[in-house]
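Asks: This is the structure, below, for whatever I ask next.
The values are calculated or read from the model by the stated rules, or taken from the named source; none is laboratory data. It should be emphasised that the depicted structure is a prediction, and the values quoted were computed from it without experimental measurement. No Cβ is skipped: glycine too gets one built from the backbone with ideal geometry, and neighbour counts run over all protein chains shown. Accessible surface is based on the protein model in full, side chains and every heavy atom, while ligands, DNA and RNA are left aside. Shrake-Rupley method; radii C 1.70, N 1.55, O 1.52, S 1.80 Å.
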Amino acid sequence: MPYDRQQGGKSGHIDLVKNPDVDAFLKNCKYMREPSDEEGKSIAMSYLDVPSIGCLPEKIIASDASTYSKAISDRFPSTQVGYVKVSLVLVDLKEFNSLTEPGSRYVDPFKVAKMHRNANSIAFTLPGSNIRFKDEKTVKDGFRRAIFEQFSSDQTNLTKNGQYSLTDTLLAIHEGSVEIKKCPSCGLKWNHDLIFNKDYLIQECEHCRTNIYITDDLRIHEQVTDYGDCGAAITRFMNVVEHLLVAGVVRMLADDNPRALSNMGFVLDGPLAIFGQPADIHKRLMSMYHSVSEKLLSLNLQPPLVLGLQKDGQVMEHARSLVPFFDEFCRTGGIKKSFYRAVDDCYRGKYISEVSSANFGHETYYGQDFIYRTDSGRIFVVGIPYPFKDKSNITDFAIKKADPQNFGGLLARAFDLIRYFELDLYSNAIVPVALAHRHASISLVPGGKVLDIMTRAGLS
Ligand SMILES: [Zn+2]
């Protein structure tokens, strides 16, 4: 890694891959490559016709997030503060329609900018390396405390009566009780697991007397040390917060306004997955989305549409490498102009990356990836929550999760939404996400509250 302000070294002038040592090394490696002509053709042929039911959500909430770590002074570069900004943008379909000229796909960027008033960002400040928050014994203890305080803060609350903070959502997806087995500060096991619930959000370690927080269950602090960089922990925090905030909105509306929820779409940035130490909550999110769907179906309402759109990553790179084959396929008499396929484990293993377990993403993913090519030739990688309560019977699950039949009308609705909002201005972006993305960049504006956006949209 170059030092600050350091120019590219000698290696910057040559193509490293052409270096004979590197070339010899790569001969011993497996990695993703362009499909051959034959493979490309057969992959393109394996894609399916895109279903459409012409039904769009009335409101779409898109989220995006960014992180930042900065030395608090140039003279002490290793003393850093971390900052996470999560932005939610609400797009009302009626309002959006008024921005486009009838019969045209062109969206006036100046008018789009006006939609920013329906955006809000929530900012979280965390201790980075070398900063002890509120006089805690260690950087790590301070980090744990900061996470708990940020999760419980009013800014993440979705309603005025305050039952929908991130801490509440964390507790709710655990069905009201969270168990922790050992102390995150001294590392010792307890005789009895500590049980956290709404009345006991903070408890004390019987060995070291340090406060233990319900949010320690996420284990984000495990990547924090007194001397190292906290960047990895801050990224994990961002990932978890973004997924929990959206889950919180879905949960609140499922309780209070299921009818409004059934006409909404939610678009998250990236795959529907939680990585690293907090990964365990992915299965709780999966189960929560499943039970919300069941609840709405029992009320004769359609389930909300929840999507994860990937801007980059391996699946996206693979999908982009298919563009010439898709184009060729359309030119040479393929009747299909718009097509998709589920990235099942077999396909992933063959063309994208090794699938080392009986079920790809078993410890991390709560949604299935699909590759989708729109009529206009744009490529999207979209994740949709697995339509199951859990992943029991792993080999059976690995097959069921990629069967489009199991997603009911959700696939058609997801593709309709993407097609409708695909943006001429940016490739592979859709309007709500582009708005959220612009809003999530770090600026000097302080963070707001989720409640504000919910109230403006008449949802809280
Ligand atoms: Zn302890």
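Asks: Exactly one of these conditions fails for residue 147: (1) assigned to a helix (DSSP H, G or I); (2) away from the ligand (no atom under 16 Å from the Cβ); (3) farther than 30 Å from residue 60 by Cβ. Give me its number.
Replies: Every condition holds for residue 147 apart from (3).
Asks: Taking the options 281, 212, 274, name whichever one is farther than 27 Å from residue 367 by Cβ and modelled with pLDDT of 95 or more. First the steps, then the outcome.
Replies: On the way: 281 fails: farther than 27 Å from residue 367 by Cβ; 274 fails: farther than 27 Å from residue 367 by Cβ.
Residue meeting the stated conditions: 212.
Asks: Next question, about the same structure. Which of the residues that make up segment 175-210 are away from the ligand (no atom under 16 Å from the Cβ) and buried (at least 18 other Cβ atoms within 10 Å of the Cβ)?
Replies: Hits for segment 175-210 are 178, 201.
Asks: What do you reckon, is residue 158 in a loop (DSSP other than H, G, I, E, B) and either within 16 Å of the ligand (Cβ to nearest atom) or not acidic (Asp, Glu) (or both)?
Replies: Working: in a loop (DSSP other than H, G, I, E, B): yes; either within 16 Å of the ligand (Cβ to nearest atom) or not acidic (Asp, Glu) (or both): yes.
When the stated conditions are applied, residue 158 passes them.
Asks: Just for segment 162-174: of the residues that are assigned to a helix (DSSP H, G or I) and open to solvent by 30 Å² or more (accessible area, probe 1.4 Å), which one is farthest from residue 199 (Cα to Cα)? Walk me through it before giving the result.
Replies: The first filter runs over segment 162-174 and keeps only residues assigned to a helix (DSSP H, G or I), leaving 166-173.
With the extra rule that they be open to solvent by 30 Å² or more (accessible area, probe 1.4 Å), the set shrinks to 168, 172.
Details: 168: 11, 172: 13 Å.
Residue satisfying both the conditions and the ranking: 172.
Asks: Tell me, yes or no, whether segment 362-375 has at least one residue that is at pLDDT below 90, closer than 19 Å to residue 430 by Cβ and over 23 Å from the mean Cα position of the chain (by Cα).
Replies: Yes - at least one qualifying residue is present in segment 362-375.
Asks: Right, something else. Open to solvent by 30 Å² or more (accessible area, probe 1.4 Å) and within 27 Å of residue 399 (Cα to Cα): which single residue out of 328, 354 fits that description?
Replies: Working: 328 fails: within 27 Å of residue 399 (Cα to Cα).
Just one listed residue meets the conditions, 354.
Asks: Looking at 128, 142, which is the one that is open to solvent by less than 20 Å² (accessible area, probe 1.4 Å) and touching a Cys at 6+ places or on another chain (Cβ under 7 Å)? Outline the logic, then answer.
Replies: Values: 142 fails: touching a Cys at 6+ places or on another chain (Cβ under 7 Å).
Going through 128, 142 in turn, the sole match is 128.
Asks: Moving to a separate point now. Cβ-Cβ distance below 7 Å, separation of 6 or more or different chains: which pairs start in segment 185-203 with a residue that is more than 24 Å from residue 139 (Cα to Cα) and assigned by TED's automatic domain parsing to the domain that holds residue 170 and end on one that is of a type in the set (D, E, K, R) and within 14 Å of the ligand (Cβ to nearest atom)?
Replies: 193/181
Asks: Another one. Just the residues that are crowded, with 18+ Cβ neighbours inside 10 Å and under 13 Å from residue 374 (Cα atoms), please, taken from segment 308-325.
Replies: Correct list: 319 only.
Asks: Of these, 341, 438, which one is at pLDDT below 90 and either under 18 Å from residue 51 (Cα atoms) or open to solvent by 20 Å² or more (accessible area, probe 1.4 Å) (or both)?
Replies: The conditions single out 438.
Asks: Residues that are closer than 18 Å to residue 311 by Cα and hydroxyl-bearing (Ser, Thr, Tyr): which strands (runs of 3 or more DSSP E) entirely in segment 336-385 hold 3 or more of them?
Replies: In segment 336-385, no matching strands (runs of 3 or more DSSP E) lie anywhere.
Asks: Quick test for you: out of 384, 394, pick the one residue that is open to solvent by 40 Å² or more (accessible area, probe 1.4 Å), of a type in the set (Val, Ile, Thr) and farther than 20 Å from residue 40 by Cβ.
Replies: 394
Asks: Of all residues in segment 216-258 being assigned to a helix (DSSP H, G or I) and within 16 Å of the ligand (Cβ to nearest atom), which is surrounded by the fewest Cβ atoms within 10 Å (Cβ to Cβ)? Break it down stepwise before answering.
Replies: First, the residues of segment 216-258 that are assigned to a helix (DSSP H, G or I): 216-218, 220-223, 231-256, 258.
Restricting the remaining residues to those that are within 16 Å of the ligand (Cβ to nearest atom) gives 216-217, 221-222.
Numbers: 216: 25, 217: 21, 221: 26, 222: 18.
That would be 222.
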